[in-house]
Amino acid sequence: MKLELRRPHRWDLAPYEAQQIQRELAKEVVCADASDEIHWIAGIVIGHSRFDDRIQVAVALLSFPELLLSEQVVSEYRTRFPFVPDLLSFREIPAILQALAELTRLPDLLLVDGPGIAHPKGLGIASHLGVVLELPAIGCSKCNTVGSFVQPEVNAGSITSLVWQGEIIGTVYRSKNRVAPLFISAGHRIDRDNATRIVRESCQGYRLPEPIRIASSLLNEAKQTAREAAVATDP
DNA sequence: GCGACAG
DNA sequence: ATCTTGTCGC
């Protein structure tokens, strides 16, 4: 499937160019619910390393609210953008676009393993992707990147607010009893309450919401087989 | 036994 | 940050 980008983009950016683009894109993030009907959610997980220019991406396309797996993609991309704090999304974006292009249908919502607006510059990977593709997006991270919060109660379903610079930028959500909470923030074209609700409705007794959980295991599987192949050729 | 998580 | 392995709690 051919992806429609909101405007022409190039990816051979220098970091100073990326900073400027980041400021522009951050202004375009919409944190209101577009009320689009959500039928297909793409869970997106990115595997990246500080010292490696290979970026792996796993995408799991699930129906919603049934949460049945429809399509899956794992792909690898050689990025040209260096590892710069706060600009990680510029390293990962082209890799994700390449992976998403392999889907046969366009998702209604991107559920990304990473921050949305809960990011030092207000443009985490989920927001960046959402704006570039003009699609609703949610950031759902396993750890906090920015802001302060009080721990939600230990029972599943408890939530508290993630606050930064006097603003509520996200939700800290206990998806399962006695496990570390998730950090949910709007990515694009969604508000905090709906982002939280959709993540909640996507959790099936595991810590991670199904689309991300499945994409994570796909990524792990792919890395495992890659390692086995490497060992076989170079014992 | 499975999932979370240490480090 | 990632991956492997072991341990713990449910």
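Observations on the structure shown:
- Pair-distance profile P(r), taking every C-alpha pair of region A:54-144, with 10 angstrom steps and integer %: 17, 50, 30, 4
- In chain A, helical runs assigned H by DSSP with n ≥ 4 each contribute -39500 (n - 2.57); averaged across all residues and rounded to the nearest 500, the mean residue ellipticity at 222 nm is -10000 deg cm²/dmol.
- Once exposed loop trypsin sites (Lys or Arg not before Pro) are cut out (DSSP; at most 11 other Cβ, 10 Å), longest piece of chain A: A:51-177
- On full extension, the segment bounded by A:A101 and A:D193 gains 30.2 nm, given 0.36 nm per residue less the C-alpha separation.
- Net charge in the neighbourhood of A:E66 (other residues with Cβ under 12 Å of its Cβ; Lys, Arg +1, Asp, Glu -1) is -2.
- Sparse packing (at most 13 other Cβ atoms within 10 Å of the Cβ) combined with a DSSP loop state is found for the following GluC sites (Glu not before Pro) in region A:48-123: A:E66.
- Rounded to whole numbers, the Karplus 3J(HN,Hα) couplings from phi for region A:10-18 are 10, 10, 8, 8, 8, x, 5, 5, 4 Hz, using 6.51 cos²θ - 1.76 cosθ + 1.60 with θ = phi - 60°, and x at Gly and Pro.
- Per residue, the average separation of C-alpha pairs within less than 8 Å and at least 6 apart gives chain A a relative contact order of 21 percent.
- Chain A: Lys pairs at Cα distance under 23 angstrom, eight or more positions apart or on different chains: 4
- At most 15 other Cβ within 10 Å, DSSP loop - GluC sites (Glu not before Pro), region A:140-214: A:E153
- If R0 is 25 Å, the Cβ-Cβ spacing of A:K223 and A:S70 corresponds to a FRET efficiency of close to 0.60.
- Of the GluC sites (Glu not before Pro) found in region A:9-45, the ones in coil according to DSSP and having at most 16 other Cβ atoms within 10 Å of their Cβ are A:E37.
- Anisotropy class of chain A from Cα gyration tensor, a/c 1.5 cut: rounded
Values in this text are rule-based calculations from the coordinates and carry no lab data. Here the structure is a predicted model, which is why all the values come from computation and not from measurement. We place every Cβ from the backbone using ideal geometry, glycine too, and count neighbours over all the protein chains shown.
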